[in-house]
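Structure record follows, encoded as structure tokens.
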Amino acid sequence: MTLVAGVDTSTQSCKVLVVDAETGRVVREGSASHPDATECHPDAWWEAFTTAAEQAGGLADVAAVSVGGQQHGLVLLDADGEVIRPAQLWNDTKSAGSAADLVAELGAEAWVQATGLVLVPSFTVTKMRWVADHEPENAARIAAICLPHDWLTWKLLGGRDLSTLVTDRSDASGTGYFDAVSGEYRRDLLAHALRRDEADVADIVLPRVLGPHEAAGHGDPALGLGDALIGPGCGDNAGAALGLSHTPGQVTVSIGTSGVVCSVSATPVRDVTGLVAGFADALGNYLPLTATINGARILQATARVLGVDFAGLDELALAAEPGAGGIVFVPHLDGERTPNLPDASGTLAGVTLANMTPENVARAGVEGLLCLLGVGMQAQRAQGVRIDGVTLIGGGAQSRAVRELAPAVLGVAVEVPRPAQYVALGAARQAAWVASGEPEPPVWSVVESETFTATPTPEIQERYDRVAAQVADLDAR
Ligand SMILES: Nc1ncnc2c1ncn2[C@@H]1O[C@H](COP(=O)(O)OP(=O)(O)O)[C@@H](O)[C@H]1O
Ligand SMILES: O=C(CO)[C@@H](O)[C@H](O)COP(=O)(O)O
């Protein structure tokens, strides 16, 4: 049996799967936590990876390894390959002003035509501008710029020579200085963000963009990787689509740290409203994507305030009537990205003496999360994406209340595959492809799933949209 490994270096943790390359069956696995912060030194990702790999029985016997990871985080390296400052993650909103400046300087239309993105603070290029403006001494030391999955891949390759940095088209498409349609970096935009001339950024190393199953080289033998090939890796959402074997037309909803609605598409999406980001997938297609900063932590926070665990939250939420007795929770707890309100906070509206019960508050938490995702569904539909059903994954999909209420609130059938680490599985599928040398990725058996249906309750989304619009007005002031 040929074994391969898939890694998901995500926001909250690192997951490692060792998988049978032929069938996709998970043979061993491990995971370890990341620090809970919006800035993180990459060394913490390495530490979590080594712990998770050890828990998974080590990687000495795998033929290939690929890394999927949280998108957009800015990793800056100096000429010696040292990390210059902690990485600013996708959910770090301190570059909100830089994002607004960059959009004002070139215009939303220019950004979307060049990169498929209208800039929000999540995207890497806005963090570059922030460093240029706030930490000029760090900006002056930049020799290479990469993303979380690129950095971990580079470490697997030995992490010495900057010229061995690699990435893939899916993750590059979330930087704001890459055009997924031409497959080329836009160094002019990078130079603009750094307030430099293009010639002045010519020497900055950007990771080589590998093809979907192109090997980056062999793993560093000193790391106990045997003779494993290292794959190009991918952004986490592209990794999940690969793990689910999704093809154009299929839509994923992921509830991890972020809330994501994305669809595999054969054609690019250019949304000048910025609600849908025109990312690429890991196979050569596109991955129009809407992401929120707030995801499963909405459930965590609601459970905490009610003094219950996740099972208790589910029980309370399912004991309440649809509409939570009139309570609407707009869960912009950590600022928000879709809609673009980086300084927003959450709002619990419509609360009365009569309706403020633990059951209704729990229900409002679950409905609020689902309605926030519903905003992403509306945005996708506005771009012509047809959504008849969605596949629900991520840690939040383990919530019984989410699974049961999602079809009513989202108004579509919700397929929940058996719980698994789909990003890491997608990375493993890529690794199996790299190891096989075949022109097509391996076909792995269809994932077992359960489909949830319910009578749609559009009035819940409509009420949420009305309250959220009022709150957005307040937050924008
Ligand atoms: N039963 C559950 N109900 C609700 N949320 C859950 C449950 N189990 C895990 N979670 C949440 O899922 C999140 C982790 O999901 P994951 O997809 O691994 O996130 P990420 O990829 O962003 O690290 C955590 O916020 C965790 O609290
Ligand atoms: O910013 C995005 C996508 O644009 C997020 O999806 C991150 O990629 C983090 O994902 P999770 O850790 O929540 O899975």
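The values are calculated or read from the model by the stated rules, or taken from the named source; none is laboratory data. Here the structure is a predicted model, which means the values were calculated and not measured. Virtual Cβ from ideal backbone geometry, glycine too; neighbours counted across all protein chains shown.
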Only one of Gly426, Gly411, Gly365, Gly374 is at pLDDT 95 or above and within 16 Å of ligand 2 (Cβ to nearest atom), namely Gly426
### Query
Would a scan of the stretch 1-9 turn up a residue that is within 25 Å of Asn237 (Cβ to Cβ), within 16 Å of ligand 1 (Cβ to nearest atom), modelled with pLDDT of 95 or more and of a type in the set (Val, Ile, Thr)?
yes
Checked Val260, Val276, Val201 against criteria (crowded, with 17+ Cβ neighbours inside 10 Å, in contact with a strand residue (DSSP E or B) (Cβ under 6 Å, 6 or more places away or on another chain) and more than 17 Å from Ala424 (Cβ to Cβ)); the one match is Val276
When (1) surrounded by 24 or more Cβ atoms within 10 Å (Cβ to Cβ); (2) of a type outside the set (Asp, Glu); (3) assigned to a helix (DSSP H, G or I) are applied to Lys94, the one that fails is (1)
Exception for Glu415 within (1) away from ligand 1 (no atom under 12 Å from the Cβ); (2) over 22 Å from Pro288 (Cα atoms); (3) charged (D, E, K, R) falls at (2)
Quick count over the stretch 137-164, residues being under 22 Å from Asp227 (Cβ atoms) and assigned to a strand (DSSP E or B), is 0
Of the residues in the stretch 424-448 that are small (Gly, Ala, Ser) and in a loop (DSSP other than H, G, I, E, B), the one that is farthest from Val16 (Cα to Cα) is Gly437
Exception for Phe452 within (1) crowded, with 24+ Cβ neighbours inside 10 Å; (2) more than 22 Å from the chain's Cα centre (by Cα); (3) of a type in the set (Phe, Trp, Tyr) falls at (1)
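To keep it simple, each residue is scored yes or no on (1) within 19 Å of the chain's Cα centre (by Cα); (2) over 15 Å from Thr124 (Cβ atoms); (3) crowded, with 20+ Cβ neighbours inside 10 Å.
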site	(1), (2), (3)
Glu39	yes, no, no
Thr50	no, yes, no
Ala53	no, yes, yes
Val65	no, yes, yes
Gln71	yes, no, yes
Leu74	yes, no, yes
Gln88	yes, no, yes
Ser98	no, no, yes
Residue pairs qualifying under the 6 Å Cβ cut-off, at least six apart or on distinct chains, with the first in the stretch 86-99 being farther than 20 Å from Trp151 by Cβ and the second being modelled with pLDDT of 95 or more and part of a loop (DSSP other than H, G, I, E, B), are Thr93/Pro121; Ala96/Pro121; Ala99/Leu119; Ala99/Val120; Ala99/Pro121
Expected output for the stretch 463-477 (first residue under 13 Å from Asn340 (Cα atoms) and at pLDDT 90 or above, partner assigned to a helix (DSSP H, G or I) and of a type in the set (Val, Ile, Thr), Cβ below 9 Å, 6+ apart or cross-chain) is Ala468/Val375
Within the stretch 89-112, the residues that are within 16 Å of ligand 1 (Cβ to nearest atom) and out of contact with any Cys (no Cβ under 9 Å at 6 or more places or on another chain) are Trp90, Asn91, Asp92
Quick count over the stretch 233-257, residues being within 14 Å of ligand 2 (Cβ to nearest atom) and of a type in the set (Ser, Thr, Tyr), is 3
Assess whether Glu336 counts as being away from ligand 2 (no atom under 12 Å from the Cβ) and in contact with a Pro (Cβ under 8 Å, 6 or more places away or on another chain). yes
